[in-house]
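For reference, the structure is listed below as structure tokens.
FYI, it's all coordinate maths here, none of it is from the lab. Computed from a predicted structure; not experimentally measured.
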Amino acid sequence: MDMKEVMKNHFLSLDEASRNPDRKVAWCTSVGPAEILRAMDFEVYFPENHGALLGATRTTEKTIPLADSRGYSQDICSYLRSDIGAYLQGFTPLERAYGIKSVPKPDVLVYCTNQCKDVMHWFEFFSRQYQAPIFGIHPPTNLPEIQQSHIRDVTDQYKELILFLEEITHSKIKPDRLAQAVKLSKEATDLWADVLGLCRNSPSPFDFFDATISMGPIVVLRGTEIAKDFYQKLYSEITAQIARQGSDNQERFRLYWDGMPVWGRLRSLSGLFDNHHASIVASTYCNSWIFSDFNPEKPLESMALAYLKIFINRNDHYKEEYILNIIEEFNIDGVVFHNAKTCPNNTNIHYNLPNRLRSKGIKSVVIDGDLNDLRCFSDEQSANRIEAFLEILE
Ligand code: SF4
């Protein structure tokens with residue numbers, strides 16, 4: 001199945017589940033414990049994916065101001081505001097894409113604040129609107145190291161979550177189903193890592209902008225055969241393409257992207273870098289769905305470790321070392337930092353990281369913008385900064 005087919009089936013299945021009294025829909029945050037929900041037979045819906053879809057289809061012009069007018073500050077997550085605004089407007093891009101009139105109604109909402117606290121406010125809004133039960137995992141955050149006590153803490157919260165969900169489903173979780181979901185997630189995420197690793201090649205067979213378009217299944221279909229099969233096929237296709245094309249090297253610069261994508265400007269930014277033969281070969285964002293620690297023999301503990309360990313949940317020293325390692329591994333010439341105004345959580349310029357990298361010989365540029373609120377993004381200013389940066393690299 002190709003990407004469009006995979007995503008279409010995903011949304012159609014959710015739509016069907018939300019209208020079928022025998023099936024249940026759980027909403028989950030993008031790096032939340034999806035494997036537990038899969039193991040308990042929930043269809044899993046990810047509002048952040050809907051937020052990205054609103055951004056990529058550039059339909060946030062009306063939805064964001066609507067949320068703003070209802071008291072949601074312009075300083076908070078524009079995914080949240082796009083999505084709440086879309087709900088208030090009775091709009092979803094799923095209608096145009098798949099004929100689906102609304103997002104699936106939740107039977108339960110499960111969030112994890114390993115990425116930020118905005119997801120809590122976002123899910124609480126929808127819990128009130130739909131009068132649906134809600135459960136939050138609150139892990140330790142901004143960690144320098146992961147301690148056993150952190151893993152125990154999150155594992156215990158997962159156990160509480162399972163008890164909570166068992167009351168909703170009126171059935172006990174099956175340990176073999178949980179192990180299977182974690183196994184499938186592990187296989188899919190390893191394949192995703194392999195796909196991203198192909199960008200070690202020079203010229204890189206694809207870039208950050210292509211990767212953002214291929215990452216839907218690893219976000220929304222973790223714990224399923226579908227995600228695993230999709231990345232297996234993608235990996236085979238790209239390796240075959242590399243073998244066919246040889247090394248016609250047009251790549252002048254290899255770059256790293258830190259921060260969120262600018263969803264409404266993927267195409268124009270991609271064109272801008274292409275024009276200068278600059279390839280963004282690695283990114284914090286796409287790497288955020290590599291969870292090497294999943295282990296079906298210790299499903300809850302390994303999920304706790306994997307979801308605690310994510311880049312966004314770590315201290316700045318970890319982030320600096322992480323980026324330095326990738327720069328070396330992928331032979332990167334410079335870093336593009338996206339200063340996303342409404343997501344300080346996934347923006348890493350605020351505590352001197354670009355300067356610290358510069359002191360180690362790593363050049364970087366900062367572009368101001370946002371993931372979904374294009375009022376914060378200037379095409380001209382970004383293009384000027386990127387072009388000036390590429391001149392410096394040259
Ligand atoms: S991490 Fe950023 S973009 Fe994602 S939900 Fe939180 S504030 Fe929004």
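Here are a few things to note about the model shown:
- 26 Å Cα-Cα reach of Lys341 towards lysines, excluding residues that sit fewer than 8 places from it in its own chain: Lys62, Lys117, Lys309, Lys319, Lys363
- Candidate cross-link partners of Lys101 among the aspartates and glutamates, defined by an alpha-carbon separation under 20 Å and a same-chain spacing of 8 or more, comprise Glu5, Asp15, Glu16, Glu43, Glu48, Glu61, Asp83.
- Gain on full stretching of the segment that runs from Asp156 to Gln381 - 0.36 nm per residue minus C-alpha separation: 76.2 nm
- Residue by residue, region 224-233 carries 3J(HN,Hα) couplings of 10, 5, 4, 5, 4, 5, 4, 6, 4, 5 Hz when phi is fed to the Karplus relation 6.51 cos²θ - 1.76 cosθ + 1.60 (θ = phi - 60°); x denotes Gly or Pro.
- Length gained on full extension, Asp2 to Lys363: 126.2 nm, using 0.36 nm per residue less the C-alpha separation.
- Our summary gives the chain a relative contact order of 19 percent, counting only alpha carbon pairs under 8 angstrom and 6 or more residues apart.
- Relative to its residue count, the chain spans a Cα convex hull of 132 Å³ per residue.
- Gain upon complete extension [Lys62, Asp41; 0.36 nm per residue less C-alpha separation]: 4.0 nm
- Value of [θ]222 nm, deg cm²/dmol, for the chain, DSSP H segments ≥ 4, -39500 (n - 2.57) each, nearest 500: -16500 deg cm²/dmol
- Residues of type lysines that Lys233 reaches as a straight line, Cα spacing below 22 Å, ignoring anything fewer than 8 places off in the same chain: Lys4, Lys8, Lys183, Lys186
- For region 45-50, the Karplus equation 6.51 cos²θ - 1.76 cosθ + 1.60, evaluated at θ = phi - 60°, returns couplings of 10, 10, x, 5, 5, 5 Hz by residue, with Gly and Pro reported as x.
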